[in-house]
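Before any comments, here is the structure.
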Amino acid sequence: MSIPVTTQTVLAVEDLRKIYNEGTDAANMAIDSVSFSVEKGEFVCIVGPSGAGKTTLLRCISGLAAPSSGSVTFEGKRLTDVPAQLGLVFQDYSRSLYPWYTNGRNVALPLAARGVPKGERAARVAEVLGNVGLGHVEKKYPWELSGGMQQRVAIARALSYRPELLLMDEPFASVDAQTRFDLEDLILKVRTELGITVVLVTHDIDEAIYLSDRIVVLSKNPSVVKEVVPVSLGESRDQVETRSSPEFLELRNHLLSLVMPHA
Amino acid sequence: MSRLTTASVPTVRRSARPGVPLRRIGRVLTGLWLPVLLLVLWWVLSARSTSPFFPPLSDILGETWNQWVVFGAWQNAVSSLRNLLLGYVLGAAIGIVGGSLLWRLRLLRTAANPLIYFLYVLPAPALLPAMIAIFGIGDLRQIALISFGAIWPTLLNTLDGMRGIDTVKFDTARALRLSSWRSYFTLVLPGAGPQIAAGLRASLTVGIILMVISEMVAARSGIGYFILQSQAEFAIKKMWTGIIVLALIGTLLNYLFVFVERLVLRWYYRSRALGGS
Ligand SMILES: Nc1ncnc2c1ncn2[C@@H]1O[C@H](COP(=O)(O)OP(=O)(O)OP(=O)(O)O)[C@@H](O)[C@H]1O
Ligand SMILES: [Mg+2]
């Protein structure tokens, strides 16, 4: 285990509750009570069934939506807006990339907003597109790429300003299985290379085990934390070996029994 | 509010790839066969016409050259075009800025909504007497009327286009920490671009109509003035030349518009051609 032992909490979620349309007839509690924390350098997955409130939770912990009660603390400060040191990758890349700009320009957007000078911007765009293995698409448009490549551009855009924490909402849900494996390995590689903290939301148990250091299991809507499961599969992972190891299968059974109590 | 488009606008074709000029020429030809056929028919059928109201097309074309080039009627076209350009640019600018303000300020929007639809359905020519009273008879009145008419299609389409932008794109802008102005120019304007263009195109058509109408009432120059004056002098052939010049200018302006639109919204037409978003 070469993960730095100097534990420092990057993200702390305490007793978070989210009620949509609060105080009206249409009030809808999406999240009942969720608490967990993420340490620096950790890879944490949040799993929960469809409609559990995963996207809602991510919107709250990224500062896009305000919780109804409870608190979210990022690097010791209570969240009010999206912090500058946070990268966000949305579930649907075709809705989050700007089709009127080239991929390079898309990736450069947050850099320009942060006042990075033009020359440095170009170098960073090239570098970060290289990190996700897409050095050659800078001048192309997002809609000229396959789905998996578009999501990689979105990841590159979130990484371009070197965030402390990367939040991803089912980033691989709408690509085929092969691409999915590639993207999973890519994100593990990028994470070690850049040493960032990652929180990834998914409904896929296998994916969660393969990627995580820890898994936060949500109940169905309105969600509470059922259990936080530590994953001790070591640092290097391999799609074939890791997924067939006894530890993996054991974890898988445990998680299945958590999300499907009757199975 | 759906898109305002007009039937008189030429349909746009996908730009050809280099290396296939033949196909490109073929496409232009397929787009042209009907107008050409109609012109030929007009030419042939009117060739022996003795009716004073329908002179032969060949005569009209000859007269057009005389009137508009030799006798200097082109000055009418220049004054028409100048008024149209000034009025249109002013109206379109007010439309885009006004639409953006209404999009941004919800309170203003709810308050202004009934008024805007009232002004939008009010036929602009009905305001002509009022405009004459306010601005007198002259170019200023013409420009004011054209601007007034050009505002509404652009304003409503701008507002509609901006309201239709996907909320995830706004979440993205916040996550990337784009400032308000930056997201206006990098997200809101381009995102509403296709619909703003549709509004601008409808505004152009309205502007041309109002240009002619305003020149037909208490004016001393312009193509509309020329047409009405010729008719009053029973110079029917001369009148036809005015109509032909008007049709030519209208067609050219529409093609020019489509050309610029294709350049500016290249991403949109190309992504649609690819079956993308
Ligand atoms: N903007 C909203 N207004 C009202 N209710 C909402 C809103 N967004 C989500 N909800 C409700 O909150 C609950 C959780 O939705 P959410 O999208 O967070 O689930 P999810 O776990 O991300 O689902 P999926 O796996 O399908 O992505 C659902 O019952 C949904 O109807
Ligand atoms: Mg979701």
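Residues whose amide H comes within less than 5 Å of that of residue A:166, counting only those at least five positions distant or on another chain, are A:87, A:197, A:198, A:199 (H built at 1.01 Å from N in the peptide plane).
Taking a straight line from the alpha carbon of residue A:40, these aspartates and glutamates sit under 16 Å away, with near neighbours fewer than eight places off in the same chain left out: A:75, A:164, A:193, A:213, A:235.
Taking other Cβ atoms within 10 Å as a rough exposure proxy, B:271, A:223, A:212 sort from fewest to most as B:271, A:212, A:223. Inter-chain Cβ neighbour count for B:165-171, averaged per residue, equals 4 (cutoff 10 Å, partner chain atoms only). Could you give the distance between the Cα centres of the range B:38-57 and the range A:117-183, to the whole Å? When both Cα centres are located, 65 Å separates them.
Spacing of the modelled spin labels on residue B:256 and residue B:181, each 7 Å from Cα toward Cβ, amounts to 3.2 nm. Bridgeable aspartates and glutamates around residue B:237 (alpha carbons under 13 Å apart, same-chain partners fewer than 8 residues away excluded): B:59, B:63. Taking 0.36 nm per residue of sequence separation and removing the Cα-Cα distance, the residue A:120/residue A:227 pair yields an extension gain of 34.1 nm. By the beta-carbon count within 10 Å of each Cβ, the least crowded to most crowded order of A:96, A:244, fewest first, is A:244, A:96. Taking every residue in A:96-108 and counting other chain Cβ atoms within 10 Å of its Cβ, the average works out to 4. For chain B, the membrane-span-like helix rule (DSSP H, alpha carbon extent of at least 27 Å along the helix axis, mean Kyte-Doolittle at least 1.0) picks out B:21-46, B:189-216, B:236-264; this says nothing about an actual membrane.
Which of rounded, prolate or oblate describes the range B:197-253 when judged by the alpha-carbon gyration tensor and an a/c cut-off of 1.5? The shape class here is oblate.
Straight-line reach from residue A:54: taking Cα to Cα under 21 Å and skipping same-chain neighbours fewer than 8 places apart, the lysines in range are A:18, A:220, A:226, B:169.
With neighbours defined as other Cβ atoms within 10 Å of a residue's Cβ, the residues A:170, B:233 order from fewest to most as B:233, A:170.
Between residue A:14 and residue A:136, the FRET efficiency estimated from the beta carbon spacing at R0 = 41 angstrom works out to 0.35.
Normalised by the number of residues in chain B, the mean separation of alpha-carbon contacts (under 8 Å, six or more apart) gives a relative contact order of 26 percent. With K and R counted +1 and D and E -1, the other residues having a Cβ less than 15 Å from that of residue B:96 yield a net charge of +1. Over the range A:2-144, Cα pairs under 8 Å with separation of 6+ residues give a relative contact order of 20 percent. Overall, the anisotropy analysis places chain B in the oblate class: the square-rooted eigenvalues a ≥ b ≥ c of its C-alpha gyration tensor yield a/c not less than 1.5, with a/b not exceeding b/c. The mean sequence distance of close C-alpha pairs (under 8 Å, at least 6 residues apart), as a share of the length of the range A:1-71, puts its relative contact order at 37 percent. Would the protein assembly as shown count as rounded, prolate or oblate if I go by the C-alpha gyration tensor, calling it rounded below 1.5 in a/c and otherwise prolate when a/b exceeds b/c, oblate otherwise? Prolate, since a/c reaches 1.5 and a/b exceeds b/c. In units of the rule-of-thumb radius 2.2 N^0.38 Å, the range A:131-263 shows an alpha carbon radius of gyration of 1.13.
We did not get these values from a lab; they are worked out from the coordinates using the rules stated. In this text, all values refer to a predicted model and were calculated from it rather than measured experimentally. Glycine also receives a Cβ, built like all others from the backbone with ideal geometry; neighbour counts cover every protein chain displayed.
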